[in-house]
1. Given the options GLY57, LEU40, PHE22, identify the residue whose Cα lies farthest towards the positive end of the charge dipole of the chain (+1 on Cβ of Lys, Arg; -1 on Cβ of Asp, Glu).
2. Hey, rough spin-label estimate for ILE10 and PHE22, points 7 angstrom out along Cα→Cβ, what's it come to in nanometres?
3. Could you size up the charge dipole of the chain around its Cα centre, putting +1 on the beta carbon of Lys and Arg and -1 on that of Asp and Glu, and report it in debye to the nearest 20?
4. In deg cm²/dmol, rounded to 500, what helix-only [θ] at 222 nm does the chain give when every DSSP H run of at least 4 residues adds -39500 (n - 2.57) and the total is split over its residues?
5. Could you pull out every one of the lysines with an alpha carbon less than 20 Å from that of LYS67, ignoring same-chain neighbours closer than 8 positions?
6. Per residue of the stretch 53-63, what does 6.51 cos²θ - 1.76 cosθ + 1.60 with θ = phi - 60° give for ³J(HN,Hα)? Whole Hz please, x for Gly and Pro, Karplus curve as stated.
Amino acid sequence: MELIKRLLGIAWIILALLAAYFCIVKFGFPKLQTGHQEDLVFGLIIVFILTPIISIGLGVFGYFALKGEFHEDKM
């Protein structure tokens, strides 16, 4: 079970990197480049608020899973 937790830690870190990529490249910057005010606000919210929350949260969770912080002996 511990091996599965560690492998899922790697998966969470990869998911954090993918989420950061998609939030910035696919959702954020295209909205910033349209020139409309509502798109600009939405793009700023995605790039500067949601992307760090999502990617850092997933990355930290993956790091802790990879380090074994959720091991049964530590609880």
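The numbers here are math on the coordinates, done by the rules we state, and not lab data. Fair warning: this is a prediction, and the values are worked out from it, not measured in the lab. Quick reminder, even Gly has a Cβ in these numbers, built from the backbone with ideal geometry, and neighbours come from all protein chains shown.
1. PHE22
2. 2.1
3. With Lys and Arg at +1 and Asp and Glu at -1, about 140 debye.
4. One gets -21000 deg cm²/dmol as the mean residue ellipticity at 222 nm.
5. Counting by Cα, and skipping residues close in sequence, LYS67 has these lysines nearby: LYS5.
6. 4, 5, 6, 5, x, 5, x, 5, 4, x, 4
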